[in-house]
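Q: Attaching a single structure in structure tokens format; questions to follow.
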Amino acid sequence: MTQRPTRILVDLDAITHNLGAIRKRVGVPVMGIVKAEAYGHGLVPVARHMQAQGVDQLGVAFLEEGIALREAGIHLPILVLGGIFGPQAAELIANDLEVTVSSLDKLRQVEAAAQSLGRKATVHLKVDTGMERIGVHSYSCGPFIEAAVASQWCTVKGIYSHLACADDPASPMTAAQVERFAEACSHFDRLGVPMPLRHLANSGGVLHFPETWLDMVRPGIVLYGVLPDPDSERTLDLRPAMSVVSQVVYFKVVRAGRPVSYGATWAPDTDTRVVTVPIGYGDGWPRSLSSCGQVLIHGRRYPVAGRICMDQFMVDIGGDSAWNEDEVVLVGASGGDAIRVEEVARAAGTIPYEILTRLNARIPRSYCGGDSPTGV
Ligand SMILES: *Cc1c(COP(=O)(O)O)cnc(C)c1O
């Protein structure tokens, strides 16, 4: 079958480059975060590539993601970051996945599952230092840590917390979280047992807060060459790994005053040339880019004309020329110009994370660099 011309191109060498830049900066082991289809880049191909590049460990959100990696033959340690769902505890252990234990209750569930399997669970204790999401509050985690350390069925490999404001270098929140985390970790000293791996830094921490690096870092979005906050300073040399490209499928001249697309919300002032691009919100391309997004054709920027549809949208190319099958770049470089995910996010009124992760499986991914130039 000849595939639709819309595709996501993933440059694995960019991920290699970003991983190298992060390693050089932090000097501690790296847990590569590959949840949500590796931020839209494709879970298994990206995890395989990171494993080949010697990343120390992987992190995913859910059991299902961990199992998919095991089924693909990934042998690295994998931490499931999400709050565990009790009935899944046995499957986490059976698939050799490291478990986030975020309460005394969950510790008991994991212990029971481990005992019934006759196999110890490897766990990371989750402390809440300011997210108010999952984890035991740092100010009351003593008994929790004590119970985990005493457990016959759990090996405590790590202790961690998550930063709420690390994408903002000026936020005082991070310093407070660092201090609360240190307080939580001090229970290991009090109990006279060896300190497990302490990890705290997400991408924002890697970029802006050396005091969060500790024994391991957990970068996600920066591995893909994208900044957590479009307005933050580019303090690390990052290469975007993802391009989103399509091709012109239709050309027409639209008369002055004749509205384009659903709702008739936009019309040209003068006769203009309009091309149609076969990607829409049904692929995860944001509808909020209606009449405000831009694309690159032949290295020049053109605006989205009218509303983004489910499967296509229109672009106003003014008096310029474009032909069927000409390349349209939604993210990535064309000629001397480039559109970054950060720019798309700003235009769409959201964050780069959402732009990356909403691009769904309807768009085929293909890969270059690394050692697997394969389509998936
Ligand atoms: C998603 C996630 C990360 C990675 O976050 P980035 O901001 O993409 O670096 C790290 N730790 C936890 C617990 C996460 O859920």
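Nothing in this text is a laboratory measurement; each read-out follows from the coordinates by a stated rule. In this text, all values refer to a predicted model and were calculated from it rather than measured experimentally. Neighbour counts are summed over all protein chains in view; Cβ atoms, including those assigned to glycine, are modelled from backbone coordinates with ideal geometry.
Q: Output the peptides 9-20, 128-139 sorted from most to least packed, where packing is the average of other Cβ atoms within 10 Å over each peptide's residues. The partial results should precede the final answer.
A: Values: 9-20: 20.0, 128-139: 18.1.
Result, highest mean first: 9-20, 128-139.
Q: Next up: Net charge within 14 Å of D371 by Cβ-Cβ distance, Lys/Arg positive one each and Asp/Glu negative one each, not counting D371 itself?
A: Working: positive: R48; negative: D11, D13.
Surrounding charge for D371 is -1.
Q: Oh, and also: Hey, can you grab everything whose amide H is under 5 Å from the amide H of H137? Only 5+ residues off in sequence or another chain; H modelled, so Pro and N-termini drop out.
A: Long-range HN contacts for H137: D128.
Q: Something else about it: Looking at the stretch 317-376, which chymotrypsin sites (Phe, Trp or Tyr not before Pro) are in a loop (DSSP not H, G, I, E or B) and have at most 15 other Cβ atoms within 10 Å? Can you show the working numbers first?
A: Numbers: sites: W323, Y353, Y367; in loops: W323.
When the chymotrypsin sites (Phe, Trp or Tyr not before Pro) of the stretch 317-376 are filtered for loop state and at most 15 Cβ neighbours within 10 Å, W323 remain.
Q: If you bin the C-alpha pair distances of the chain every 20 Å from 0, what whole percents do you get?
A: With a bin width of 20 Å, the distribution comes to 27, 49, 21, 3.
Q: Report the Stokes-Einstein translational diffusion coefficient (µm² s⁻¹, integer) for the stretch 242-339, Rh taken as the Kirkwood radius over Cα pairs, at 10 °C with viscosity 1.306 mPa s. Mind dumping the intermediate values first?
A: Numbers: Rh = 13.2 Å.
This corresponds to a translational diffusion coefficient of 121 µm²/s.
Q: For a quick check, take a GNM of the chain with Cα springs below 10 Å and name the residue from H162, H298, H208 with the largest mean-square fluctuation.
A: Looking only at H162, H298, H208, the biggest GNM fluctuation is shown by H298.
Q: R0 = 22 Å: FRET efficiency of A182 with E132, Cβ-based, nearest 0.05?
A: Values: r = 19 Å, r/R0 = 0.87.
According to the calculation, E is roughly 0.70.
Q: If Lys and Arg each add +1 and Asp and Glu each add -1, what is the summed charge of the other residues whose beta carbon sits under 10 Å from the beta carbon of G204? Let's see the in-between values first.
A: Values: positive: none; negative: D167, D168, D229.
Spelling it out: positives minus negatives among the neighbours equals -3.
Q: At R0 = 56 Å, how high is the FRET efficiency between S140 and R362 if r is their beta carbon distance? Nearest 0.05 is fine.
A: Working: r = 46 Å, r/R0 = 0.82.
Efficiency for this residue pair is about 0.75.
Q: Still on this structure, I have one more. Could you please report the charge total around L359, scoring K, R as +1 and D, E as -1 over all other residues with beta-carbon less than 12 angstrom from its beta-carbon? Please list the in-between numbers first.
A: Numbers: positive: R7, R358, R362, R365; negative: E37, D283, E354.
Taking every Cβ under 12 Å from that of L359, the sum is +1.
Q: As I understand it, the value is the acute angle between the Cα axis of helix 12-26 and the longest principal axis of the Cα atoms of the chain; what does it come to in degrees, rounded to 10?
A: Value to nearest ten degrees: 40.
Q: With unit charges on the beta carbons (Lys and Arg positive, Asp and Glu negative) and the dipole taken about the Cα centre of the chain, which residue among C309, N95, P169 sits farthest to the positive side?
A: Farthest towards the positive end: C309.
Q: Could you derive backbone 3J(HN,Hα) for the stretch 188-198 from the dihedral phi with the Karplus parameters 6.51, -1.76 and 1.60 (θ = phi - 60°), listing whole Hz in sequence and x where the residue is Gly or Pro?
A: Couplings: 5, 5, 4, 7, x, 10, x, 5, x, 4, 9 Hz.
Q: Right, another one. Please name which of M131, L227, H187 has its Cα lying farthest along the dipole of the stretch 128-232 towards the positive end, using unit charges on Cβ (Lys, Arg +1; Asp, Glu -1) and the Cα centre as origin.
A: H187
Q: Given the -39500 (n - 2.57) contribution per DSSP H run of 4+ residues, what per-residue ellipticity at 222 nm results for the chain, rounded to the nearest 500 deg cm²/dmol?
A: Working: 11 runs with 109 residues, N = 376.
After summing the helix terms and dividing by the residues of the chain, the value is -8500 deg cm²/dmol.
Q: Could you state, as a whole-number percent, how many of the C-alpha pairs of the stretch 12-224 are farther apart than 31 Å?
A: Values: 3580 of 22578 pairs.
The answer is 16 percent, as a whole percent.
Q: Rounded to the nearest 0.05, what FRET efficiency do D269 and A338 have when you use their Cβ-Cβ distance and R0 = 22 Å? Write down the numbers at each step before the final one.
A: Details: r = 29 Å, r/R0 = 1.31.
Efficiency, rounded to the nearest 0.05: 0.15.
Q: If each of R119 and F251 carries a label point 7 Å out from its Cα toward its Cβ, how far apart are those two points in nm?
A: 6.0
Q: When only DSSP loop residues count, what GluC sites (Glu not before Pro) in the stretch 279-376 have their Cβ near at most 15 other Cβ atoms within 10 Å? Kindly include the intermediate steps, with their values, before the conclusion.
A: On the way: sites: E325, E327, E342, E343, E354; in loops: E325.
Answer in residue order: E325.
Q: Given an 8 Å cut-off on Cα distances and at least 6 residues of separation, report the relative contact order of the chain as a percent. Let's see the in-between values first.
A: On the way: 858 pairs, mean separation 65.8, N = 376.
Reported relative contact order: 17 percent.
Q: Can you pull the one-decimal nm distance between simple spin-label points at L9 and R258, each 7 Å off the Cα toward Cβ?
A: So the two model labels end up 3.4 nm from each other.
Q: Run the numbers for Q53 and T2: contour at 0.36 nm per residue of separation, minus the present Cα-Cα distance, in nm. Let's see the in-between values first.
A: Details: separation 51, 0.36 × 51 = 18.36 nm, distance 3.28 nm.
Using 0.36 nm per residue and subtracting the Cα-Cα distance, I get 15.1 nm.
Q: Let me ask something additional. Among DSSP beta bridges whose residues both lie in the chain, state the antiparallel percentage, nearest 5.
A: Numbers: 30 of 59 bridges.
Beta bridges within the chain, antiparallel portion: roughly 50 percent.
Q: Identify the residues of the stretch 219-239 with backbone N under 15 Å of a label point that sits 7 angstrom from the Cα of A170 along the Cα-to-Cβ direction, or state none.
A: From the stretch 219-239, the list is 230-233.
Q: To the nearest 10 degrees, how steep is helix 43-52 against the longest Cα principal axis of the chain, on a 0 to 90 scale?
A: Computed tilt is about 60 degrees.
Q: Tell me the label-point distance for the pair T155, H75, using the 7 Å Cα-to-Cβ offset, in nm and rounded to one decimal.
A: Using points 7 Å along Cα→Cβ, the separation is 1.6 nm.
Q: Quick check for me: using +1 on Lys/Arg Cβ and -1 on Asp/Glu Cβ, what's the dipole size of the chain about its Cα centre, in debye to the nearest 20? Walk me through the intermediate numbers first.
A: On the way: 34 positive and 40 negative charges, 94 e Å.
Roughly 440 debye, rounded to the nearest 20.
Q: Assuming 0.36 nm per residue, please report the length gained on full extension of the stretch D320 to C292 beyond their Cα-Cα distance.
A: 8.2 nm
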